[in-house]
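**Q** I have a structure I would like to understand better, so I am pasting it below and will then ask my questions one at a time.
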Amino acid sequence: KKLNLFLNIILIVSIIICSIAIVFKSTFLKVIVVGNSMEPTIEDGSIGYMVKVKADSKIDRFDIVACQDDFGPNYLIKRVVGLPNEKVSLIANRLYINDCEISQDFSFTMKDEDFKNTTFNLKDNEYLIVGDNRANTMEPIIRSKENIIAKNGFCCVWRRGKNSYRCFAFNLRK
């Protein structure tokens, strides 16, 4: 009888662990941050889990999102600055939505003169995304909602050279 009880407990625990793993895998996307375009919010080498986006998921301004990279197997991790049907302007290191300046606390120093005075007219279902480290990121990218795989989440980082480990949420809408 003790053996049957022990086997039943092991079976129940195994089912619970497998169920949790399945729910976790279907809810979260594992990402590894490559590059420093999201610093200081998220560091190069960070490992994170982001919430997978469903058809009815709402994407808000300043959400951090993951999109498939057009040039490789990695995900692009960027911040949403423009929403569908908006006119988004990046002028003199400031963000304007429909000609109104939007306050944001993210780094916004740009590296390229052409990038400094740019306007995007987004269509239905289009989002403008860009890295927080504006001086070290590619140009803003327009993505449709179908191309946005996940948003927000949490990250765990081993800080090289500092021998420290930290975990934090990064839906950071400062």
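**Q** For the range 61-78, give me each residue that is closer than 12 Å to Arg143 by Cα and open to solvent by 20 Å² or more (accessible area, probe 1.4 Å).
**A** Scanning the range 61-78 gives Gln68, Asp69, Asp70.
**Q** Hey, any hits in the range 79-95 for a residue that's among the aliphatic types (A, V, I, L, M), loosely packed, with under 12 Cβ neighbours inside 10 Å and modelled with pLDDT under 80?
**A** Looking for residues that are among the aliphatic types (A, V, I, L, M), loosely packed, with under 12 Cβ neighbours inside 10 Å and modelled with pLDDT under 80, one finds at least one in the range 79-95, hence yes.
**Q** Given the residues Lys30, Lys25, which is the only one that is under 23 Å from Asp132 (Cα atoms), within 26 Å of the chain's Cα centre (by Cα) and open to solvent by 70 Å² or more (accessible area, probe 1.4 Å)? If you could, list the steps in order and put the result at the bottom.
**A** Numbers: Lys25 fails: under 23 Å from Asp132 (Cα atoms).
Exactly one residue qualifies, and that residue is Lys30.
**Q** Moving on. Do the conditions hold for Ile64, that is, is it touching a residue at least 24 places away in the same chain (Cβ under 8 Å), touching a Leu at 6+ places or on another chain (Cβ under 9 Å) and over 25 Å from Ile149 (Cα atoms)?
**A** So Ile64 fails the test.
The values are calculated or read from the model by the stated rules, or taken from the named source; none is laboratory data. Note that this is a predicted model, so its numbers are computed, not measured. We place every Cβ from the backbone using ideal geometry, glycine too, and count neighbours over all the protein chains shown. Areas reflect the complete protein model, heavy atoms only, side chains present, ligands, DNA and RNA absent. Shrake-Rupley method; radii C 1.70, N 1.55, O 1.52, S 1.80 Å.
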